[in-house]
Every structure is written in C-alpha cells, then in structure tokens.
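Peer 1: The structure that follows is given in the form of structure tokens.
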C-alpha cells in the first residue's frame, strides 16, 4: 500500500506541475493554477478556488498557512458533498488530500499542534498586512480623497502598486474567510476576540468590498473618481438627514459610508443588497454627470448638486411614467414638480431605479414598471410622512419578512414564464402564446388598475395557460400570410391604382378633358372606396385570435371601420352608377352628379383634414390639446390610439422637405408613365381591339372577346414596370439629394492618400476648431501678424500632435504599420524652441535630397533658387527645419571655441540670406559633401553614448568643420576663419572639437533622430503607409475633420454614454489548437492568415522582437509570444476580442482628451513639458473622468455555466477583462 500511495502522490505532483506549465502561456492572472484549477463544477460556486489560489500564492512565504488554507478548502468540499456524488469531486478530494500530505511531510516528522493553527494564521495575517502596508495605504487614500487634489507624479509606480494591491486584497479575502471559519473554536478571551474585532472592523469600513465604478463603500488608492466635486456632491445629496423616518437601531450600514436614502428603501421594500449597491452607484453617477454638464462652478470644500441638475435627472428618469399617467388621464403619484422637495425627487428617482434593477425580465414591460412604481411611490409618500420607518405592506410576506422580488416580481415573472413555455422554441405561431408586448399592452388601459395594490393573484392578468388552450392576445395578433403585402402597404397600392386608372382614361381620350371625360375619371371614387373596404376586411380577418382579450375600444373601432367601409363602398358605387346612367341619358339636370361631387368633396375634405392633423407637426400638437369628444372620435376612427408611437413626428421644415422630395418623385414617375408607358400603347390597343373576328379550324383562345389575352400580354409588362419603377425613381433622387447634402456637409473631401498629403497642412487648424473644446483651446483665431500666425500654427500642431500620434500608435499596435512607418507618420510634439511647425517625416521624405540637387544645379540668383524650392511647400518646410535643426544641434554639442565657430558660420549665412548673396557666400556644389559628413554625425548621435562613440562623434564634428570651412565657404570667408586667432590657436593646440556634449535633453534627442531620418529617408510619400486598412482609417479620420459638426465640449461636460455588446457562446479568442488545426486541404487558420496578411505578419514579428524567419514552433516556446500570437489572429477574425478592443478605443480617446484638458491650454503650449501626452493612460484623474462618461458592458449570458464546466471561453473572458481594464 505504501508503494501505491507513493505512486499516487507522484502522479498528483506531476499533474499539478503539468497544470502550472499549461497556464504559463496564458498571461498574468490568467486564472487558477495547480489544484485550484481542478475544482469540480459542483463546487465552483464556493470560495474553494480562491482559498486554494491564495494557498498557492503564499506557499513559499509560509507553508504552514498554506496547509491551513488547504485543509479548510477540504473541509468546505467535504461539507458541501460528503458522499462525493458530484462529478469529479472524489478525484478532487483525493488530490487535495495528497497535497495536504505533501505539505505535512515537509515538516520532517515534527509534531503539528493544530490548536495553534488559528494563532499562527492570525500572526501571518498581521505580518502580511504590515508587509504590504495595507493600513498605511488606506490612510493615504482616505487623506487624498478628503483633500480632493490630483497629482500625476510617479504614475508608473502608482500603476504597479494598483496591480499589486489587487493580488494582496484577493489573498486577504481568503485569509479573512478562513479566520472567520476557524474563530468559532478559538479562545474568546485571546486570539478569538482579536479576530472578531478585526472582522467587525472589516465589515464596518468595507475594506475588502468590491465596487463597479465609484468606490462608495471601499477605499481605492488608484481611483480618483471619488474625489471629483460633482461625485462628492452627489453622495452628499442622497445622504440620510434628520427629516427622514428613523431607521431601526439594529439596522446595519455596510462599509465606511453614512446611511442614505437607499438604506431606507432597502428596509421598507426589501430590495436585494447587491441591487441597492448597484443603483446607489448609478444614481451618484447620474447626478454627477448632470451637474457637470451645467458648466456651473461647484464649491470644492462643500460641494452641492444644483437644483436644476436634480430636476433634469428627475424628469428624464420619470419621463415614461409621466407620459403614461397623462395617457391614462390619472393623477401622478406626487404633486407638481415645483411642489415637492429635492429629497422627495431623489427618493422617487432612487425607487424607480431600484424597481428596474430588480425587475428581471419584467423590465421588458416598461408600462408595467410604471404601474408598480405608481403604487409603490404612493406607499413611499405615506411612509416618509411618519417619524419611524415602516415596512411596506405590498412587499410583506407571510412570515413578516419583506421582499420586493418575491412579492411583486415573481408572480409576474412566473406568468410570463408559463406563457413562454408554449412558444415551442420560437416555432409556435404568434397567436398561440402571449409575449412581452401582450403583457405590456395590458397596462395601456385604465382597466389595469383592476389589479389593485397589492396585486390580486386571481386577476385575469395572472391567468396561466392550461394545456393547449389559448389565453388570448391583447390587441394584435400576427398571422403568416401574403395578405400582409396589401394590408401593410394599402395606401401605396391604392394610390398607384387610382393614378394608373386616371392616366389611362386621359390617354385613351387623347389628352382631351371635358365634363363627360371628367365624369369618367371620377370612377376612381368607387375604386378607392372598394380598395379601402378590402383593407378594413383584412383588419377584421387578421385580428382573429385576439378578440377575447383585446380592449373593447380596439374591437369597436374595427367594427365601426368595417361597416363604414361597407356602407361607403356600396353607397359611392351606387351613386356613381346613377351618375353614369344620367350621363348616358344626356340628362341636363345632373342632380346625381352634383350629389356625387358633394359626397366625394366632403369625404375627401375629411380625409385631408385628418391627414393634416395627424401628419403636420403643428396641427398634430393642436389636435392632441383638443378635448372635444366629437373631434377625438373621428380622429380615433382615422387612426388607432396607441401608447407607443405618439408624438413621433418631424419638425415643420423637415416635413415639408420630405413632402417636396416625394412630390418630385411622383411627378417624375407619373410623367414618365404617361408619356413613355401608357400613351404609346393607346393606338396599338385600339387597333387590336378593332380587329375583326376570324373563324379558326382549331380551338381559339387568343382572339376571342376582342383579343383580350393579346391585350393582357401587351399591357402586363407595362403594368409591372409601372408598379416597380417607383423604387428606381426613389434611388435616383436619393442619390442626387444625398450627393448634394454630402457636398454641403463636406463629406468625402479626402478621397485618397494623395489628398491626405496635400491637405495635411490644414489638418491641425481644422482639428482644433472642430474637435477641441474652448476650455482646452483658449486661443484666438484672428492673428494680427505673420509672427502671430506662425505661433498660432505651431500651437495648432502642438494640440493636433498627441491625437494624431495616438492614432498612429494604435495602427502600430494592430500591426498595420511597421516601426519605420510609425516613425515617419508620427507628428513631432511641436512644443520645443524650434521656430517653425514640424511636419511628419513621410511628407518631408527625400525633400532634402531633391533640394540639394536643385542647389547644386543652380546657376541663378538666391531668389530664383528659393522660388524653385517653394513650388513644393513641403520641400520648403524641410529645408527650413533642416537649417534650424542643424544650428540648434551643433550649438548644443560644442562649447568654447567650437561654439564661437558655429555662431560665426550661421551669422554669416543669415547675413548672406538677408542680402540675397547666398549663392556667392557658399559653394552650393559642395552641399552633398557637407550632407554626408553631417549624416555620419547624426548616425552616431542617435545611439547610446559610449567612449568610442564619443570619440567618433568628436572626429565627425571636426570633419564637418573641415568640409564647411575649406569646401563650402567662399574664399574670402575661408581666409577670415583661417586667420581667426582664437580658432587658429585652439586648432593648433588640438582643443578644437576634442570633446562634445552628448545629447541628453529629450528635445535635442528627438531632433537628432528626426534630422537623421530626414537626411537618409528616400522613400516616396505615396507609399506610406503601405497597408490598405491603415490608409482607409487615416483617410476616414482626416475626412471627418472637415465635416460640419457642433462645437466640442470638454470631457467633463459631455453627455455620458454606454455601449452594450451581447455575448452568448461565440469565439472569444482563438486557441493555439484552433490556429494550427488543418482542414481537409491541409491549410491551418494561422497559415491562411499569414498568406492573406503578409505585411501585418511581418509587422507582428517586428513588434515582438522576432525575425522574419521565425517559425510557429519558436513562438510557442515563449508564453508571452504565444499569447500575442493568439491575439494577433483573433483580431483578424469575428471574435469578441476584436469587438472589445474597438470599443475600448472610446475610453482611450476620452482619457487622452481629459488628460490634455486638465494639463494646460494652447496659450501655454510653447512652455509645455516635452513629453506632454505620455503617461495619460496611467493618470488616475483621466481614467476616472473616462469612467464617469463612458461605460462598456459585455453581457456574457452563460458565463457562469462556462466557468462551471471550465470552458476556455470563461478564461478568455477573464483575460480580456484584465487586458482592457486599465
């Protein structure tokens, strides 16, 4: 048996080692490893996994504590499943027991006193907290939050501390849970008392409490959102006051926060604790955002939320409830908004959010939520008028406990679930079961108040289906039939039919219209009435299945419209027959004709009046304000009164533009139809109809009845085209109007990379004017002189640079461009002392070499040469930047006599430029030689300093001196420099350029690197970037700069927004196996991606520091490279990782903009720190501001199930959370 036990333990150790190795390549904090990764699904809902993970973390630090944690985990598993009935539980227990035995064996036979386990655990807990300075860090955090001040120093250290503290608190949570379990058997006068005091303190201050965005109950060292004045004001606004009903003395408030409104609502209505915490945070964020958008300064020491901000939140949150009460003509649960206090408003807002947060699927019934809120608000109003807080009777259970979920939501949910079980997986017909709309429409009628409050469980609303008997629909039932083609588009069919009839009558009368022909044209009246009756008949027919539960008013309207359709069609048809008889009899009295015209006129006038009242916005508003029953009756007959869709109409200008658009379409269509479709067929039709009848020996089907089939075959294509060509006219006019509107909105100005190059000079100014807020701008757009204009352009470029460079950086992170392309595309910071705007190198590449060629071939004056250079504006920029950069770099490298020489040379050159004698002062044919010497110097300076390089650089400066003095300068100037005593003495003594100052200033280092690239890069700008996707993104961004858009606001004043991505079981990340598995053709996914994205694959290898010949096997050997490979492939497929990365760019952009707005304005850009935007991702203020304005939610609907069965998707989701959470 001993041998079997040894073999088993060796097997366990090997398995654990394999699990650890398997998790190496899955990134930091990928998930539990070792025995923690083997927790079976039936135990995964407990904290066993976290306890074992903590044991693994502290194994090397204190094996005894690790053993205690493992034993506690084993006890939890034994208590949860003592008979090991769950899948994998027996194997897990056996493996865990083997691990415990291994830990015991390391004691070398020493006796273990388990009575001291709790003392040892307590001592380690205290040591662990002192080691990581947990208490000190929390005190610093509290002091910082109370001060409300921000600093951006030591951001890297702060970020590392944040990551470290996450691991520390995870371990502390596990230690606290084990201590709490073991403290029951501890000495109550000794360590047991200390542990209980610590547990009470933790519960009171919320030390280990998690949070979403705002740390209301738990200190957070890295989250600055709690120090924002608007957030502190929002927290203060919901705080408990002496005017509220008193809570019971035994009511406990979690965390270090004070009691607030949500504690009262939790006690009164029995809301769940997690829902209360979430909605408390939601209300704080909503109030803070509303306050920040008012642009009203808020007091830092004692921040208060403005009354207008509270009113805005109140009206916005309760907007649907207010409209619902107005629709049902019932009184609101509160008095007028100006008659209730701000505290009552916040109570109502909080109550509404709590109802919605705990409503489960009932939240898909918005008017049901309104009904619940209406009654609970009345209860709350009565409770707030008492001195003591009382429980709400509507949420009271049989045992005296209160639970909103059980008493209010569960009955509704159970009824909905019973109906949903009848849908046969979505295959059942719409009439077979009630869906969300049917339940919600129940609350569109005052009859919903028959439910009473508390709701009667015997109400028809809670009627559950029995067997296969239908419970009935509310007011609409959908039948799958082609009759919907006519019912849904009956207006279009009727209009086309009437116009075709009228145009045909006119065409067959050769365009001549008199009274008799006009009477024939009036035959469209009976046709309209009959076709309208068909629509009414279909309404009655397709309503089958909803008559038993539909509202009485809805059924009455159908019946009235049906009989009205019958009566009007019969009456108008009969009257028109009398008109025809009167016409045929040549009766001059024409009494029936006048009566017919009167009926049609009244009927058409009523239709036009009601159409105007329901279609024209101004008339629609007036009709809603009218309370006349007669008027409302006819309006109701014309259009059903629904709760949804009311008030959805355009402005007057938009409506008239819309009408004009369709009038043009109809005029074009019917003109085309009359002159090119109908009229050309009149003569052939008459000819065929007048053909004499012939007797055929065979049976004749064609020529019978005046060749009817022949005429049908002739007219059928025309009728078909007539019915369909309206789409063609719509498409043509839409293209024309869209093109005009796009041109006016300046869409598509940047259509190619060549236009990006040509218009790049205008991008900074357009960016500042359109996308930078006035708070971050603070500069005039009206320069008074050329110097001010140049300074302004430099300021524009300084503001534009960080945003453009972040776009380039993202392209590099996604491997669309290489390192070299990133250097060429990046815009310099433009914050240094250089006197001109520095443009990206891809615009200036090869410009210096071309300018040197022009200078060497120049035989004209200086002005002619400069004019030739200025024909290419970027060549002129390159020449100027090169000249000023050379001066600044040389001035920073040398001192003493060398600096005197530099100053003398550039003084002489500047004087020659002013005098226009540059071609005389310099021998321009020697420029290429000077260029080669300076390129050699910059090639040394861009590297890290070494003694050998320093000597080489000094020699390169001396060589440059020799070439400039003896080759470039004119003979007169050369003689002056050679006879300059100070310079000659230094040269003879060997002191001239014997030592240089290696560039250490960041600005000088950037200029050296940039100048070196400017001198050596010969690539054409047309080929940068090469990747098509990179080009498309740059063109899209630059094109958006010229669009007409509202003025930008600061991040703090923008509207908060959220992005929601539903996720079920789609691919999160491609695994290594997915990338290498081959299909039937022997092609793997990775091989396919490498072939269709060859340039991106090369950029990826360059980014991770690998050569182009690196194989897939080599990448797998490194865990970091293997993980990056998975992300690279996943970003090129339809994966959740790709979606998350794209959405998180929103947060990154907000962080950058907030960081720059909080720094300095444009007027201070020339004095800004050189690295002005670096580190913005580590700025806790910027991260907090972005979190305040942007929320991204990925609803992983079956994440719990995936985590239970150890699915790779669960681990990949956790990895995405860790990768994009900062």
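The values are calculated or read from the model by the stated rules, or taken from the named source; none is laboratory data. Predicted model only: the values in this text are computed from it and were never measured. So basically every Cβ, Gly included, is an ideal-geometry build from the backbone, and we count neighbours across all protein chains shown.
Peer 1: More than 20 Å from residue 1131 (Cβ to Cβ) and at pLDDT below 90: is that true of residue 1084 in this structure?
Peer 2: On the way: more than 20 Å from residue 1131 (Cβ to Cβ): no; at pLDDT below 90: yes.
Against the criterion (more than 20 Å from residue 1131 (Cβ to Cβ) and at pLDDT below 90), residue 1084 does not qualify.
Yes or no, residue by residue, for (1) part of a helix (DSSP H, G or I); (2) modelled with pLDDT under 80; (3) over 57 Å from the mean Cα position of the chain (by Cα); (4) under 18 Å from residue 849 (Cα atoms):
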site: 932; (1), (2), (3), (4): yes, no, no, yes
site: 961; (1), (2), (3), (4): yes, yes, yes, no
site: 967; (1), (2), (3), (4): yes, yes, yes, no
site: 982; (1), (2), (3), (4): yes, yes, yes, no
site: 986; (1), (2), (3), (4): yes, yes, yes, no
site: 991; (1), (2), (3), (4): no, yes, yes, no
site: 995; (1), (2), (3), (4): no, yes, no, no
site: 999; (1), (2), (3), (4): no, no, no, no
site: 1013; (1), (2), (3), (4): yes, no, no, yes
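Peer 1: I've got another one for you. Residue by residue through segment 867-910, note down the ones that are out of contact with any helix residue (DSSP H, G or I) (no Cβ under 8 Å at 6 or more places or on another chain) and under 20 Å from residue 836 (Cβ atoms). Talk me through it step by step, then tell me what you get.
Peer 2: Of segment 867-910, the ones out of contact with any helix residue (DSSP H, G or I) (no Cβ under 8 Å at 6 or more places or on another chain) are 867, 871, 880, 883-884, 895, 907, 910.
Matches in segment 867-910: 867, 871, 880, 883, 884, 907, 910.
Peer 1: So, one more: If residue 932 meets every condition in (1) in contact with a strand residue (DSSP E or B) (Cβ under 8 Å, 6 or more places away or on another chain); (2) without any contact (Cβ under 8 Å) to a residue 12 or more places away in the chain apart from one, which number is that one?
Peer 2: (1)
Peer 1: If we keep just the residues of segment 891-919 that are within 56 Å of the chain's Cα centre (by Cα) and in contact (Cβ under 8 Å) with a residue 60 or more places away in the chain, which is surrounded by the fewest Cβ atoms within 10 Å (Cβ to Cβ)?
Peer 2: Among those that are within 56 Å of the chain's Cα centre (by Cα) and in contact (Cβ under 8 Å) with a residue 60 or more places away in the chain, it is 895.
Peer 1: Still on this structure, please answer the following. List, please: which pairs have Cβ atoms under 6 Å, are six or more places apart or on different chains, and start with a residue in segment 1078-1096 that is without any contact (Cβ under 8 Å) to a residue 12 or more places away in the chain and end with one that is outside any strand (DSSP E or B)?
Peer 2: 1084/1076; 1090/1097
Peer 1: So if I check each of 575, 558, 580, which one is at pLDDT 85 or above, at negative phi and either in contact with a helix residue (DSSP H, G or I) (Cβ under 6 Å, 6 or more places away or on another chain) or in a helix (DSSP H, G or I) (or both)? It would help to see each step written out before you state the result.
Peer 2: Values: 558 fails: at pLDDT 85 or above; 580 fails: at pLDDT 85 or above.
From the options 575, 558, 580, the qualifying one is 575.
Peer 1: Would you say residue 806 is more than 25 Å from residue 879 (Cβ to Cβ) and part of a helix (DSSP H, G or I)? If you could, list the steps in order and put the result at the bottom.
Peer 2: Numbers: more than 25 Å from residue 879 (Cβ to Cβ): yes; part of a helix (DSSP H, G or I): yes.
Judged against the criteria, residue 806 is a match.
Peer 1: Can you pull out the residues in segment 934-950 that are assigned to a helix (DSSP H, G or I) and surrounded by fewer than 14 Cβ atoms within 10 Å (Cβ to Cβ)? Spell out the reasoning first.
Peer 2: Residues of segment 934-950 that are assigned to a helix (DSSP H, G or I), as a first pass: 934-941, 947-950.
Scanning segment 934-950 gives 947, 948.
Peer 1: Looking only at segment 811-831, which residues are over 17 Å from residue 877 (Cβ atoms) and in contact with a helix residue (DSSP H, G or I) (Cβ under 7 Å, 6 or more places away or on another chain)? First the steps, then the outcome.
Peer 2: Initial filter on segment 811-831 (over 17 Å from residue 877 (Cβ atoms)): 811-823, 831.
If the condition is that a residue be over 17 Å from residue 877 (Cβ atoms) and in contact with a helix residue (DSSP H, G or I) (Cβ under 7 Å, 6 or more places away or on another chain), then 811, 812, 815, 816, 817, 818, 819, 822, 823, 831 are the ones that fit.
Peer 1: State yes or no: is residue 513 modelled with pLDDT of 85 or more and either under 30 Å from residue 579 (Cβ atoms) or in contact with a strand residue (DSSP E or B) (Cβ under 8 Å, 6 or more places away or on another chain) (or both)?
Peer 2: Values: modelled with pLDDT of 85 or more: no; either under 30 Å from residue 579 (Cβ atoms) or in contact with a strand residue (DSSP E or B) (Cβ under 8 Å, 6 or more places away or on another chain) (or both): yes.
Criteria not met by residue 513.
Peer 1: I've got another one for you. Against the definition (assigned to a helix (DSSP H, G or I), in the same structural domain as residue 1206 (by TED's automatic domain parsing) and more than 30 Å from residue 1188 (Cβ to Cβ)), how does residue 1122 come out, yes or no? Explain how you work it out, then say what you get.
Peer 2: Working: assigned to a helix (DSSP H, G or I): yes; in the same structural domain as residue 1206 (by TED's automatic domain parsing): yes; more than 30 Å from residue 1188 (Cβ to Cβ): yes.
Taking the combined requirement at face value, the residue satisfies it.
Peer 1: Something else: Consider segment 244-269. How many of its residues are touching a helix residue (DSSP H, G or I) at 6+ places or on another chain (Cβ under 9 Å) and closer than 16 Å to residue 348 by Cα?
Peer 2: Qualifying residue count for the region: 11.
Peer 1: Go through segment 707-741 and give me each residue that's farther than 22 Å from residue 503 by Cβ and at pLDDT 85 or above.
Peer 2: Residues of segment 707-741 farther than 22 Å from residue 503 by Cβ: 707, 709, 731, 734-741.
Answer for segment 707-741, where residues must be farther than 22 Å from residue 503 by Cβ and at pLDDT 85 or above: 731, 734, 735, 736, 737, 738, 739, 740, 741.
Peer 1: If you scan segment 827-875, which residues turn out to be in a loop (DSSP other than H, G, I, E, B) and surrounded by fewer than 20 Cβ atoms within 10 Å (Cβ to Cβ)?
Peer 2: Start the filter on segment 827-875 by keeping residues that are in a loop (DSSP other than H, G, I, E, B), which leaves 827-840, 845-846, 857-861, 871-872.
Passing the criteria: 833, 834, 835, 836, 846, 857, 858, 859, 860, 861, 871, 872.
This table checks each residue for (1) in a loop (DSSP other than H, G, I, E, B); (2) assigned by TED's automatic domain parsing to the domain that holds residue 500; (3) at pLDDT below 70.
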position	(1), (2), (3)
618	no, yes, yes
627	yes, yes, yes
635	no, yes, yes
641	yes, yes, yes
671	no, no, no
687	no, no, no
